[in-house]
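The structure appears below as structure tokens.
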Amino acid sequence: TILILDFGSQYSHLITRRCREHNVYAELMPCTTKIKDVHFKPKGIILSGSPYSVYDEGSPHVDPAVFELGVPILGICYGLQEIAWNLGGEVSKCDHREYGAADITINKFGDGAVDALFEGFGDQMKVWMSHGDQLSKPPPDFHVIGHTQTAPFAALAHNSKPLYGIQFHPEVTHSPNGKAVIGRFILNICGCKQNWTMEEFIGKEIARIREICGPKGRVIGAVSGGVDSTVAAKLMHEAIGDRFHAIMVDNGVLRLNEAAQVHEMLNKNLGVNLTVVDASDLFLSRLDGVEDPEKKRKIIGNTFINVFEAEAAKIEAAAEEELAKGGEAKGRVEWLLQGTLYPDVIESISFKGPSATIKTHHNVGGLLKDMKLKLIEPLRELFKDEVRALGRLLSIPAHLVGRHPFPGPGLAIRILGPVTRDQVKILQLADSIYIEEIRKAGLYDQIAQAFAVLLPVKAVGVMGDQRTYEQVIALRAVQSEDFMTADWFDFPSDVLRRISSRITNEVAGINRVTYDISSKPPATVEWL
Ligand code: XMP
């Protein structure tokens, strides 16, 4: 295992991902973690970047015990400066903040060899820089292994210990050799084995679930038809069969035919014990007349909890009844499944730099505070791409495993005005045509997320000899790695033409289609 100590950089989670992409398990912890509290023995440590300056009052520093463990350490950006700060180097402000691509020249030793960290990359490589401070004097016993035009000490290594520091960010895709540099560190310098694979994970996780659930006791969990909840549900089913009960709440703002499709897939095809609850009337009546996006999110979040709890209570009552009749085999409802992923875990443990909440994302986060159930989170160690790989191994069909994300509040945040059944129908139809055409054009997998939005305006059009005055659909499609930033997708124009013509012809109430060409930032992915 590689331990990544997070100083609050926006890229810290990417370091963890890159290690995992080399099939090496890596775990992120806040930079202030005391080494004695780390529950595993790391084979190596990576110190992340940070929005802070090492000399500022209140800036974060590592437990000095890190340097006494004797395991290899790689400092990235602030991490490099932190090593210098601890071991007697000097850091100073750059004249200008350096942000963007740079060329690093790899220093050669007298015999022409280069440091083990940079073996195989030639004389020079493109790297991504993002820093306001840099090293002005290396600590004693360190030598320079790479430099750029503006940074004479862009990469350092200790003369005898496995201590390294680099000013650039190898974890971002803008550093083309970055993943390989991380590979050099964790594989060649730390000597990690590449044994983090989903094949290994499945067996271990099923065994772990069986052990913590015991021979009796039921687990309930919400499913949405999305990748995470489907994979989590299938994993639970593999581990404990019908003692796992999945609940799907139809909130009335799902995509076209979604509840039926989820039932077909999870229950009929994957064999998961599933109840679908049609609560669309309740949701839509509570949403009646509401326009404010945050209010819509709250109503949907709270109503979801009400409906789910009521359904869970029914399952619990049935279980109690069975027990009363002497049916001991399955036991009481004791656990709640949550499809928490590693990025959520990182979000909750990572060292917070200054940042602001843009919108509240309501999932099932606050679910069941007082239901006295214990949480079971089989995916909490995994990144999204790992969940997808796991899904493929669990025989979940490719079209589901590769599905774009769909927000918890559903179409309610894609209908810009008040939500009504009629508006939902219009949007469902337009959205399904849009996605169908994207799939037909073979573009679905190139897009991170695509969806239609129903605008709260009317525009004039003409159909036959008739003047029309109808609503407008906006189409959104973005490419993105992690949804923190996103760019609009550049469709071939014939695909857009086909989509527009089908929507205006087939969806009553729409006479105009527009394409959203805003990136995030300054826009967000969703319109609300
Ligand atoms: P934004 O609009 O914040 O979207 O750029 C980034 C990603 O988050 C999804 N999203 C949500 N997901 N509940 C969710 O479960 C929400 O309230 C919510 N709002 C946005 C959005 O679909 C995109 O993938």
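The values are calculated or read from the model by the stated rules, or taken from the named source; none is laboratory data. For clarity, every value in this text was computed on a predicted model and none was experimentally measured. Note that each Cβ is placed from the backbone with ideal geometry, even for glycine, and that neighbours are counted across all protein chains shown. Remember, those area values only see protein heavy atoms, side chains included, never the ligands or the DNA or RNA. Shrake-Rupley method; radii C 1.70, N 1.55, O 1.52, S 1.80 Å.
Points to keep in mind about this one:
- Residues of the range 1-37 with amide N under 17 Å of a point placed 7 Å along Cα→Cβ from Gln479: none
- Overall, the range 420-524 carries a charge dipole of about 380 debye about its Cα centre when +1 sits on the Cβ of Lys and Arg and -1 on the Cβ of Asp and Glu, all other atoms neutral.
- Dmax and Rg, reported as Rg then Dmax, of the chain (C-alpha, Å): 26.5, 85
- Peptide packing: for 458-468, 312-322, 429-439, the average count of neighbouring Cβ atoms within 10 Å per residue gives the ranking 429-439, 312-322, 458-468, highest mean first.
- The residues neighbouring Asp516, those whose beta-carbon lies less than 13 Å from its own, together hold a net charge of 0 under the Lys/Arg +1, Asp/Glu -1 convention.
- At q = 0.20, 0.22, 0.24 Å⁻¹, base-10 log of I(q)/I(0) for the range 436-509 (Debye sum, equal scatterers on each alpha carbon): -0.94, -1.05, -1.15
- Remark on the range 169-315: ratio of C-alpha radius of gyration to 2.2 N^0.38 Å is 1.43.
- Across Asp141, Asp250, Asp95, Asp111, the residue with the most accessible area heads the list, and the full order at a 1.4 Å probe is Asp95, Asp111, Asp141, Asp250.
- Put simply, when 387-393, 415-421 are sorted by average Cβ atoms within 10 angstrom per residue, most first, you get 387-393, 415-421.
- DSSP beta bridges confined to the chain are antiparallel in about 50 percent of cases.
- Cα Rg over Rh - the range 193-240, Kirkwood: 1.03
- When only the Cβ of Lys, Arg, Asp and Glu is charged (+1, +1, -1, -1), the dipole of the range 274-323 relative to its Cα centre reaches about 360 debye.
- Residues Tyr342, Tyr469 ordered from highest to lowest accessible area at a 1.4 Å probe: Tyr469, Tyr342.
- Mean projected area in nm² (Cα convex hull; one quarter of hull surface) for the range 299-347: 4.8
- Per-selection Rg to Rh, the range 217-283 - Cα, Kirkwood hydrodynamic radius: 0.97
- In a reduced charge model with +1 at each Lys and Arg Cβ and -1 at each Asp and Glu Cβ, the chain shows a dipole moment near 640 debye about its Cα centre.
- Arg392 versus Asp37: modelled label distance in nm, points set 7 Å from Cα along the beta carbon direction: 3.8
- The listed peptides 327-336, 233-242, ordered by packing as a protection proxy, come out as 233-242, 327-336 (highest mean of other Cβ atoms within 10 Å first).
- Other residues within the sphere of radius under 13 Å centred on the Cβ of Val401, judged by their own Cβ, net out at +1 (K and R +1, D and E -1).
- Overall, the ratio between the Cα radius of gyration of the range 9-91 and 2.2 N^0.38 Å, rounded to two decimals, is 1.08.
- Sparse-neighbour loop sites [chymotrypsin sites (Phe, Trp or Tyr not before Pro); the range 1-54; at most 13 other C-beta within 10 Å; DSSP]: Phe40
- Gyration tensor over alpha-carbon atoms, the range 69-193, equivalent ellipsoid semi-axes in Å: 20, 18, 14
- Ranked from largest to smallest solvent-accessible area, with a 1.4 Å probe on the protein heavy atoms, Glu199, Glu205 come out as Glu199, Glu205.
- Total formal charge among the other residues, if their Cβ is under 14 angstrom from that of Thr148, Lys/Arg +1 and Asp/Glu -1: -2
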